[in-house]
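To start, the structure itself, in structure tokens.
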Amino acid sequence: MSVLGELDVPFQRIETTAEPELLLRMYRELLRIRVLDARMVVLQRQGRVGFYGACTGQEAVPIACGFAVQQQDWVFPALREQAIMLVRGFPLRSYIAQTFGNSGDVLKGRQMPSHGSGRAVHQVSWSSVIGPQIPQAVGAAWAAKLRKSNEVVLGFMGDGATSEPDFHAAMTFAGVHQTPSVLICQNNGWSISIPTARQTASATIAVKGYAYGVRPLRVDGNDVLAVYETVRAAVERARGGEGPTFIECVTYRIGAHSTSDDPTRYRSSEEVERWQRRDPIERFHRWLVAKGLASDALRAEIEAEHDAEAIAAIKDVEPLPPPPRESLFDDVYAELPWHLREQKEQLLAIPPAPSHDAGKGGH
């Protein structure tokens, strides 16, 4: 990789070798998360779910990464990487149930919406606190190295997390122990309402890797093929024992940080419009059309299919009851200790509170 000066890491020049079948699978997944995010934001605005964090404008990174890893690899996400679960086969109904936190949620309602995870697809739970998943990812990668397994771990963060102590600890550990990890920063220009220039004086985010002995790369995060090829190569490099990579994906959050945010209070409409012209889905659509692999009609067909699937899944999931009371005691200890057994028995001896919807066919 060529480096322009000591403090700059240029975008990687990427040529893809992906087959048409894979390209169309990426296309379908990009359209699915865009359609699903729009549906879920509407549910939140209607008061049917409490919170949602869409990845509108940043879809290229999670979708590309979902295809760049292998089945045995692990993912430690931040807010906008939940779609990786869907790419890797996590059921849509379970994905949506997590947002409702009801009995269809494999996490049993214990996490806030948009904080999904699933052992079946090797995606680990995360905290809204900025950065703690980064050393966790590196630690899991170290464990894989000690076991001499061929697992690689992806750890995600936003640009603001690179100014947190957890980033320093994780990068130091990754560099010293040469863990089989790929750490990925989605630099969308905003740490919620703080622009990148106000939270770091670094010329780029990627350049920070040099200080830790971690190979840095900088890629156009709105180019799904560039992200795919860059991450895939870094994953295989880590799997081959060549150490960790730190990748800055330069992208932009077109929508709000979450449904709790009003981005008009801190950024201009001109800035948003400028980045909308680089929308990753629109760019990939135009590229596929030029290659003869897609059309406006195909896109409309796929979007309608995804919307129908989302509506059907929401209809199935939303009426489910809350997780059972006794699930409070699950997953705490391998064997429930005596004092928790007593508490569980006492809880179950108390009749459950009547439902507010009793007699109405609801919960």
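Each reported figure results from applying straightforward, stated rules to the coordinates on display, with no laboratory input. Since we're looking at a predicted model, the values are computed, not measured. Heads up, the Cβs are rebuilt from the backbone with ideal geometry, glycines too, and the neighbour counts pull from every protein chain shown.
Only one residue of Val235, Val272, Ala334 has its Cα farthest out toward the positive end of the dipole of the chain, where Lys and Arg carry +1 and Asp and Glu -1 on Cβ, and that residue is Ala334.
Looking at the stretch 44-138, the pairs of alpha carbons with a distance over 23 Å make up 20% of the total. Here the stretch 132-244 is treated with +1 on each Lys and Arg Cβ and -1 on each Asp and Glu Cβ, and its dipole about the Cα centre works out to around 320 debye.
For Thr56, the residues whose modelled amide H falls within less than 5 Å of its own, excluding neighbours fewer than 5 places apart on the same chain, are Gly255.
Partner lysines whose Cα lies under 28 Å from the Cα of Lys344, excluding those fewer than 8 positions away in the same chain, are identified as Lys108. Across the stretch 60-70, computed HN-Hα scalar couplings (Karplus, 6.51 cos²θ - 1.76 cosθ + 1.60, θ = phi - 60°) run 4, 5, x, 5, 4, 5, x, 8, 7, 9, 9 Hz from first to last residue, x flagging Gly and Pro.
Can you work out the PRE-style zone for Arg278? Point 7 Å along Cα to Cβ, and I want the residues of the stretch 176-210 with backbone N under 14 Å. From the stretch 176-210, the list is 186-190, 196, 205. Can you find, among Phe76, Val42, Ala54, the residue sitting farthest towards the positive end of the charge dipole of the stretch 34-82, where Lys and Arg contribute +1 and Asp and Glu -1 at Cβ? Result: Val42, furthest along the dipole toward the positive end. Towards the positive end of the charge dipole of the chain, with charges on Cβ (+1 Lys, Arg; -1 Asp, Glu), say which of Ser295, Val121, Val138 has the farthest Cα. Checking the options against the dipole of the chain, the answer is Val138.
Of the beta bridges in the chain, as assigned by DSSP with both residues counted there, near 10 percent are antiparallel. Its Cα centre serving as origin, the chain has a Cβ charge dipole (Lys and Arg +1, Asp and Glu -1) of approximately 200 debye.
With all projection directions averaged, the alpha carbon convex hull of the chain covers 21.0 nm². Across the stretch 211-219, rounded Karplus estimates of 3J(HN,Hα) from the backbone phi angles (6.51 cos²θ - 1.76 cosθ + 1.60, θ = phi - 60°) give 5, 9, x, 10, 4, x, 9, 10, 9 Hz, Gly and Pro being marked x.
Under 5 Å from the amide H of Ser191 lie the amide H atoms of Thr196, each residue being 5 or more positions distant or on a separate chain, with H modelled from the backbone and absent for Pro and chain starts. Database remark: amide H of Ile247 closer than 5 angstrom to the amide H of Leu183, Ile184, Cys185, Leu217 (H placed geometrically; neighbours at sequence offset of 5 or more, or on other chains; Pro and chain starts carry no H).
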